[in-house]
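Contents: one structure, followed by commentary.
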Amino acid sequence: MTASKGRKGRKSAGDAEVDRRLARLTRRGFVTMGVTAAAGYAGWRWLDSRPTEGGLPWPLRRAHEANRALWERLYDPDRTVPTYPPSRIQSLRVNGGHGLREALDRDAWRLRVAGMAGGAAAALTLAEVMALPAVDLITELRCIEGWSRIVHWTGVRFADFIAAYPPPTVDGTPPDPRRRPDLLVPYVGLETPDRDYYVGLDMASALHSQTLLAWALNGEPLTRGHGAPLRLVVPIKYGIKSLKRIGTIRYASERPADYWAERGYDWYSGH
Ligand SMILES: Nc1nc2c(c(=O)[nH]1)N[C@H]1C(S)=C(S)[C@@H](COP(=O)(O)O)O[C@H]1N2
Ligand SMILES: [Mo]
């Protein structure tokens, strides 16, 4: 794979480590770790106290409210989508180029985290993200247009990332994402570096055991078209939510803007 090669300019020690790990990833046969639902989520129900529908034309509002009620009733935090053996892995086409237009400078790229507890912000290198525990997950990517493919992702669980870089709580107490996820602010917004594409997630979906920040697809570092250097993967939702090339993760009390929700799709987009 060429994605980790052909870089220009000097590399930091962190980048060298990333290169090493990505190279190993492409060489080795992977071990399917299988992502299981974390027991900590049992009994936890996400509560939304802010029924806003920011920016939607009013005729859509009612339908969206109905969808939301349906989603909240059906949503089981322990529900996982099926995983598959390596023999079922398929290739993935590139679908959707919003927010990928700018040339990608991997060395200059940072994952920005905004709205953290205590008013903190972070700007992380890929090496810092890859220092978190890695998992492999073979699931179906389902596009809302009607096609789907079984693919293998490697990355960190968003729940583990959130535990390491926590959001604030609604009551101002210190965050404890693993034990008291119910106290965290209820939303996360993600956007590309150029802000051309953006998605909003409810916190329960962000914390879902199968929701990943992924840096590899089918055993290879992400290509530019698939969202290098880091993308969101939310297998419990349609592909529109799996934002490629993350620039910023922003924790929020209000429902974040969402590119396709603004164009008439369901904000939750579960399936
Ligand atoms: N930045 C960005 N992310 C995106 C999109 C996009 O246009 N821009 N399209 C989405 C859609 S509709 C789908 S189905 C998946 C497709 O992922 P793939 O291109 O890796 O197959 O990416 C999602 N993430
Ligand atoms: Mo899609």
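Has region 251-262 got any residue that is surrounded by 23 or more Cβ atoms within 10 Å (Cβ to Cβ), modelled with pLDDT of 95 or more and away from ligand 2 (no atom under 15 Å from the Cβ)?
yes
Out of the residues in region 67-100 that are at pLDDT 95 or above and loosely packed, with under 12 Cβ neighbours inside 10 Å, which is nearest to residue 228 (Cα to Cα)?
Checking each candidate, the answer is 93.
State whether the residues of region 178-190 include one that is within 16 Å of ligand 2 (Cβ to nearest atom) and among the charged types (D, E, K, R).
no
Of the conditions (1) of a type in the set (Gly, Ala, Ser); (2) more than 28 Å from residue 267 (Cβ to Cβ); (3) at pLDDT below 95, residue 119 satisfies every one except a single condition; which number is it?
Answer for residue 119: the failing condition is (2).
Go through (1) closer than 20 Å to residue 82 by Cβ; (2) in contact with a strand residue (DSSP E or B) (Cβ under 6 Å, 6 or more places away or on another chain); (3) more than 16 Å from ligand 2 (Cβ to nearest atom) for residue 233 and report which single condition fails.
Residue 233 satisfies all of (1) closer than 20 Å to residue 82 by Cβ; (2) in contact with a strand residue (DSSP E or B) (Cβ under 6 Å, 6 or more places away or on another chain); (3) more than 16 Å from ligand 2 (Cβ to nearest atom) except (3).
Taking region 133-167 as the search range and keeping residues that are in a loop (DSSP other than H, G, I, E, B) and of a type outside the set (Phe, Trp, Tyr), which one is farthest from ligand 2 (Cβ to nearest atom)?
Checked region 133-167; the qualifying residue farthest from ligand 2 (Cβ to nearest atom) is 166.
Strands (runs of 3 or more DSSP E) wholly in region 168-268 with at least 1 residues that are near ligand 1 (Cβ under 9 Å from one of its atoms) and on the phi < 0 side of the Ramachandran plot - which ones?
187-191, 198-202, 212-217, 231-233
The values are calculated or read from the model by the stated rules, or taken from the named source; none is laboratory data. Predicted model only: the values in this text are computed from it and were never measured. Note that each Cβ is placed from the backbone with ideal geometry, even for glycine, and that neighbours are counted across all protein chains shown.
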